[in-house]
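To start, the structure itself, in structure tokens.
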Amino acid sequence: MSVILTFFTVAVLSQTPESIIADKVNYVDLGKLYTYKPKRNFGPFTKDNLYTFCYRAKDKTISSLFETVKLRLNIEGDNYKQYDGATPDEVRQHYNQEQSLFSLTLFSQKRVRLHLSSFVFSNCLGMASQNPYTLELKILRIDFYRVIQLLLGYLVFQYASNLSQNAIFYYVTGIVLGICSLFMLLIWLTSSKLVPRRPAMYGILIGGWTVGLWMIQLLWMHMPVIIVTYRIYVFWYIMITGSISFIVCYRWAPPINQRSKNITKWLLQLASLTMIYFSSFYEEATSAIIITVVASKCFPKSLWYKCRSYRLRKFPPKIRLLTLDEFYEQGVFETKKALEDLRKYAARPDCKQWTMMTKLRVPWRFPAFVERATNLEHEEVLRFESLKYSAADDENSDISTGESENEENLCSSSFTINDNGYSSRTIPSYMYRVTSIHEHRSTNEFDDKDV
């Protein structure tokens, strides 16, 4: 008894005055590094070294839908304890409960990266450690992992019916589930073969599930270290369990019954909606997205078409007509494109060129067209140019009707081609050069460059 009193007296004398708990609450901000260096304690008892770090939430906005707040901890070793809570008082309550003699800290978490909610009124973390550490707040305005999670959930929901009938998806899902469910299989074998079938042992098995979940959590937290350190064992584990899972899936084959397919589709849709809901801390926005996705999926297409047609009738879109220049440019572009496609088709091996040439009125022009040589006669070029410029003159005459007589005297002349059966047309004066060429040259001497 005297020894206990001696130690208690030394502990009281060695303690320095501690500040109130409120002074130990630090509200973390972006861009600041919080460093903790423990003070030396020469007493026999460990003093209260709990420090609480809280993050102030902000208002919910659409711009912060995919925002992620991370609290990064840098500490050497794992000799520390963490306490989560919504308020500093709740963190202190968890700390006091653990200090009791009957507390069990086997399943306490030790995380170096903590994801905080941006919209909860308060997020607090308590740290109790004898080692120095630093804390830093990181904010990602747009977390692409959350965006991908939302899009993936939407796509899975939309194509759940197709995925439930796809054999490749069946095998891939079966192999992944087989690789991940090996621990469950070992637990089942242990419970069914090694444990006696007595009522008292079922309680032990129920309690053993918590230990199993704790082990799975530890494996998940240390998964990168396990993969790097034991990569050969991990490789053979995946190969063996994946092969066994593939054999089992091949033996049972994909489901044929429509009810089994419906159950698979519903499970996929439920999983996709869960992914959408947890893709952001903004629960109201994700709930609205879920309602919209489900409503669009269940909304009848016939009613959708009726609503769309009614909207088009009520608010018809404005139609802009093409000008003459735009019409001409579009016609030239589409004509060149169609001629190029025709050349490519005629040059293909599966095209019957000889059969096509027998159906043409002038067969010798077909090879020239395919080889990009001149295949137009000068009369055809002349007729096209006369039609084009006459259309331009008609447009100009509509714009300036008062000067039509002067334009006719200065810019037009009659021209008739009787040999080819064309009727007389009025062409511009700058076509005189083409006319003179036609009068002084024969058909064989005509060159497209003069046009």
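Inspection of segment 345-368 finds no residue satisfying the criterion of being within 21 Å of Gly331 (Cβ to Cβ), surrounded by 12 or more Cβ atoms within 10 Å (Cβ to Cβ) and hydrophobic (A, V, I, L, M, F, W, C).
With respect to the conditions (1) crowded, with 16+ Cβ neighbours inside 10 Å; (2) under 21 Å from the mean Cα position of the chain (by Cα), Tyr145 falls short on a single one, namely (1). Checked against the criterion of being among the basic types (Lys, Arg) and under 30 Å from Leu152 (Cα atoms), the candidates Lys352, Lys336, Lys314, Lys301 yield just one match: Lys301. Scanning segment 292-327 for residues that are under 31 Å from the mean Cα position of the chain (by Cα), surrounded by fewer than 10 Cβ atoms within 10 Å (Cβ to Cβ) and aliphatic (A, V, I, L, M) yields Ala295, Leu303. Checking each residue in segment 54-78 for being outside any loop (DSSP other than H, G, I, E, B) and crowded, with 19+ Cβ neighbours inside 10 Å picks out Cys54, Tyr55, Ser64, Thr68, Val69, Leu71, Leu73.
Looking across Val91, Val10, one residue alone is modelled with pLDDT of 80 or more and assigned to a helix (DSSP H, G or I). It is Val91. Condition first: surrounded by 13 or more Cβ atoms within 10 Å (Cβ to Cβ) and under 9 Å from Gln165 (Cα atoms). Now tell me which residues in segment 248-263 satisfy that. The answer is Pro254, Pro255, Lys261.
In segment 140-168, the residues that are more than 24 Å from Pro255 (Cα to Cα) form Cβ pairs under 9 Å with partners that are basic (Lys, Arg) and not in a helix (DSSP H, G or I), at six or more places apart or across chains, as follows: Leu140/Lys70.
Among the residues of segment 51-86, those identified as among the charged types (D, E, K, R) and either on the phi > 0 side of the Ramachandran plot or out of contact with any helix residue (DSSP H, G or I) (no Cβ under 9 Å at 6 or more places or on another chain) (or both) are Arg56, Asp59, Lys70, Arg72, Glu76, Asp78. Among the residues of segment 221-238, the one identified as within 30 Å of the chain's Cα centre (by Cα) and either farther than 30 Å from Arg113 by Cβ or not in a helix (DSSP H, G or I) (or both) is His222. Within segment 94-135, being closer than 25 Å to Glu283 by Cα and either part of a strand (DSSP E or B) or modelled with pLDDT of 80 or more (or both) holds for Arg113, Leu114, His115, Leu116, Ser122, Asn123, Cys124, Leu125.
The values are calculated or read from the model by the stated rules, or taken from the named source; none is laboratory data. Keep in mind it's a predicted model, so treat the numbers as computed, not measured. So basically every Cβ, Gly included, is an ideal-geometry build from the backbone, and we count neighbours across all protein chains shown.
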